[in-house]
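Worksheet: the structure to be examined is printed underneath.
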Amino acid sequence: MSDDPSSTNQDYQKQASQVWFYGITLGVFAGITTWVSRTHAHIGLALLFASIQIFLQVFFMMHLKNERGIIFKFLVFTIFFVMALFVLTHLHESDPLHSKAIPVN
């Protein structure tokens with residue numbers, strides 16, 4: 001490992017520029033998400049932009065881009081579990097088995 005001050009300064013400059021880039025990008029996506037979510041018709045689009053924000057925060061700000069595969073398996077399981085909860089909630093609210101559209105003999 002070299003103790004060259006110019007190498008350390010270049011590393012610092014590179015990291016600082018990356019942090020600024022990610023910070024500005026997250027701010028832009030937060031503004032877009034807020035602007036898009038003002039109407040109920042664009043909730044899906046707002047969730048898409050929020051998902052992009054989460055991706056940036058998890059992989060770059062939390063340094064998960066250099067982690068092992070087990071972390072990603074837990075993330076995929078968590079996403080699957082949350083989506084299953086959304087589907088189950090929707091099925092409960094719509095109640096497809098006892099709907100008025102299905103005639104009972």
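The values are calculated or read from the model by the stated rules, or taken from the named source; none is laboratory data. Please read these numbers as outputs of a predicted model, since none were measured by experiment. Cβ coordinates were reconstructed from backbone atoms using ideal geometry, including for glycine residues, and neighbour counts include every protein chain displayed.
Return the total of residues in the stretch 57-74 being surrounded by 12 or more Cβ atoms within 10 Å (Cβ to Cβ) and at pLDDT 80 or above.
Looking only at that region, the number is 1.
Might you check whether a residue that is surrounded by 10 or more Cβ atoms within 10 Å (Cβ to Cβ), closer than 30 Å to Gln15 by Cβ, among the β-branched types (Val, Ile, Thr) and modelled with pLDDT of 85 or more occurs anywhere in the stretch 78-97?
yes
Are any residues in the stretch 8-31 within 22 Å of the chain's Cα centre (by Cα) and of a type in the set (A, V, I, L, M, F, W, C), and if so, which ones?
Residues satisfying the conditions are Val19, Trp20, Phe21, Ile24, Leu26, Val28, Phe29, Ala30.
Counting just the residues of the stretch 35-53 that are among the β-branched types (Val, Ile, Thr) and surrounded by 12 or more Cβ atoms within 10 Å (Cβ to Cβ), which one comes out farthest from Phe86 (Cα to Cα)?
Val36
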